[in-house]
Amino acid sequence: MSPLDLLTSDIMRFPLIIAILIGLTAPIVGTYLVQKRLSLLGDGLGHVALTGIAVGWLVAAWTGAALPQTLAIPGALIAAVLGAIAIELVREVGHTSRDVALAILFYGGIAGGVVLIQAAGGTSQNLMAYLFGSIATVSSADLWTALVLAVVVIGVGVGLRRMLFAVTSDEEFARAAGLPVRALNILLAVIAALTVTLAMRVVGALMVSALMIVPVAAARTVVSGFARTMLTASVIGVLCAIVGLVITAYVDLPPGGVIVLLAIAVYVVGLIAGTALPRAASRRTAQ
């Protein structure tokens, strides 16, 4: 089967569309997080989402749902959004530094997920597909959820880019200019949470943060300027997502890991090219 036939097959159609949405939206959010020096926020939210998945399993068990994973994604969405709001409030009201707040999310999220999934009658193995991604279990409901979340993330990330750029670049200047800094910080954390939930089924909760950050780092090796970085990072993200899915269709590998490794490879190539080309140009000028 050719790659084109594979990508248009019934098995790959839903994961492919979701992967493209992830590749498009994750770098949009990541551009703001890198600008704000908050690159690990996605990791923290991914861990909190695991607790939400386990709570979803627990509620499904209590209510007698046909499948225990029925409420996993809604649970992850609620937990990630609440975690995103909590980290901003803890940082601001509790005067806690961002790295401490993120560490609390890291450890609390993974501990809650492991304990609650056991209480729901599952095992830690049930969390693996959500940790590292799996295209085998993607359903039409996942696709519609991803479409709605992607529309929200793109609408906020692109539509409010001027205000979000101001807040992520210089909070004091944004506050002096009359912008609602707290609300915009919370909004940015919330769309990061939505992106984590969107990506969980294909890329995995532990890998999505890398797809937010690495394409942005790769884009910065070849272009400059905020808007061009965001656009280039999204192109890199989409291409890595498509190529990564094609590879995992032929070879039994976790899609999230493959997609992230491809993005890192693009970053390394960009880094080498960005270093070598100016030196070559300097030598030609000197000659």
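Residues that are part of a helix (DSSP H, G or I) and within 22 Å of H47 (Cα to Cα): does the stretch 153-167 have at least one? Within the stretch 153-167 (the criterion being part of a helix (DSSP H, G or I) and within 22 Å of H47 (Cα to Cα)), the answer is yes, since at least one residue qualifies.
Results for (1) under 17 Å from V138 (Cβ atoms); (2) among the basic types (K, R); (3) open to solvent by 40 Å² or more (accessible area, probe 1.4 Å); (4) in contact with an Asp or Glu (Cβ under 8 Å, 6 or more places away or on another chain), shown as yes or no for each residue.
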{"position": "T197", "(1), (2), (3), (4)": "yes, no, no, no"}
{"position": "V216", "(1), (2), (3), (4)": "no, no, no, no"}
{"position": "R220", "(1), (2), (3), (4)": "no, yes, yes, no"}
{"position": "I242", "(1), (2), (3), (4)": "yes, no, yes, no"}
{"position": "P255", "(1), (2), (3), (4)": "yes, no, no, no"}
{"position": "A265", "(1), (2), (3), (4)": "no, no, yes, no"}
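On inspection, A249 qualifies as under 19 Å from V138 (Cα atoms) and either among the polar types (S, T, N, Q) or open to solvent by 30 Å² or more (accessible area, probe 1.4 Å) (or both).
Can you pull out the residues in the stretch 122-152 that are outside any helix (DSSP H, G or I) and without any contact (Cβ under 8 Å) to a residue 40 or more places away in the chain?
Passing the criteria: T123, A136.
Across the stretch 40-62, the qualifying residues are those that are among the aliphatic types (A, V, I, L, M) and under 12 Å from A120 (Cβ atoms), and the one among them that is farthest from the chain's Cα centre (by Cα) is A61. Screening the candidates I191, I117 for the property of being in contact with a helix residue (DSSP H, G or I) (Cβ under 6 Å, 6 or more places away or on another chain), over 21 Å from A210 (Cα atoms) and either modelled with pLDDT under 80 or in a helix (DSSP H, G or I) (or both) yields one hit, I117. Count of the stretch 206-219 residues, restricted to those that are more than 8 Å from the chain's Cα centre (by Cα) and among the hydrophobic types (A, V, I, L, M, F, W, C), is 7. Taking first residues from the stretch 218-247 that are modelled with pLDDT of 90 or more and partners that are assigned to a loop (DSSP other than H, G, I, E, B), the Cβ contacts under 7 Å between residues at least 6 apart in sequence or on separate chains come to T229/V223; T232/V222; T232/V223.
Close contacts from the stretch 13-28, counting a first residue that is more than 25 Å from T229 (Cβ to Cβ) and a second that is crowded, with 20+ Cβ neighbours inside 10 Å, with Cβ to Cβ under 7 Å and a gap of 6+ residues or different chains, come to F14/V138; P15/I135; P15/V138; P15/V202; P15/L245; L16/L245. Restricting A86, A72, A111 to those that are at pLDDT 80 or above and within 16 Å of V190 (Cβ to Cβ) reduces the list to A86.
The set of residues from the stretch 66-85 being small (G, A, S) and open to solvent by 40 Å² or more (accessible area, probe 1.4 Å) comprises just one member, A66. In the condition set (1) within 30 Å of T51 (Cα to Cα); (2) out of contact with any Ser or Thr (no Cβ under 7 Å at 6 or more places or on another chain); (3) open to solvent by less than 40 Å² (accessible area, probe 1.4 Å); (4) modelled with pLDDT of 90 or more, S209 is compliant with all but (4). Put simply, of A150, A176, A183 the only residue that is in contact with a helix residue (DSSP H, G or I) (Cβ under 9 Å, 6 or more places away or on another chain) and on the phi < 0 side of the Ramachandran plot is A150. Please verify whether the stretch 157-174 includes one or more residues that are under 29 Å from M12 (Cβ atoms) and small (G, A, S). Yes: one or more hits.
Within the stretch 110-121, no residue that is on the phi > 0 side of the Ramachandran plot sits with its Cβ atom under 8 Å from a residue that is open to solvent by less than 20 Å² (accessible area, probe 1.4 Å) and aromatic (F, W, Y) at 6+ positions apart or across chains.
The values are calculated or read from the model by the stated rules, or taken from the named source; none is laboratory data. Bear in mind the structure is a predicted one, so any value in this text is a computation, not a measurement. FYI the Cβ positions are ideal-geometry reconstructions off the backbone, even for glycines, and counts take in every protein chain you see. Please note that ligands, DNA and RNA were not included when accessible areas were found on the heavy atoms of the full protein model with its side chains. Shrake-Rupley method; radii C 1.70, N 1.55, O 1.52, S 1.80 Å.
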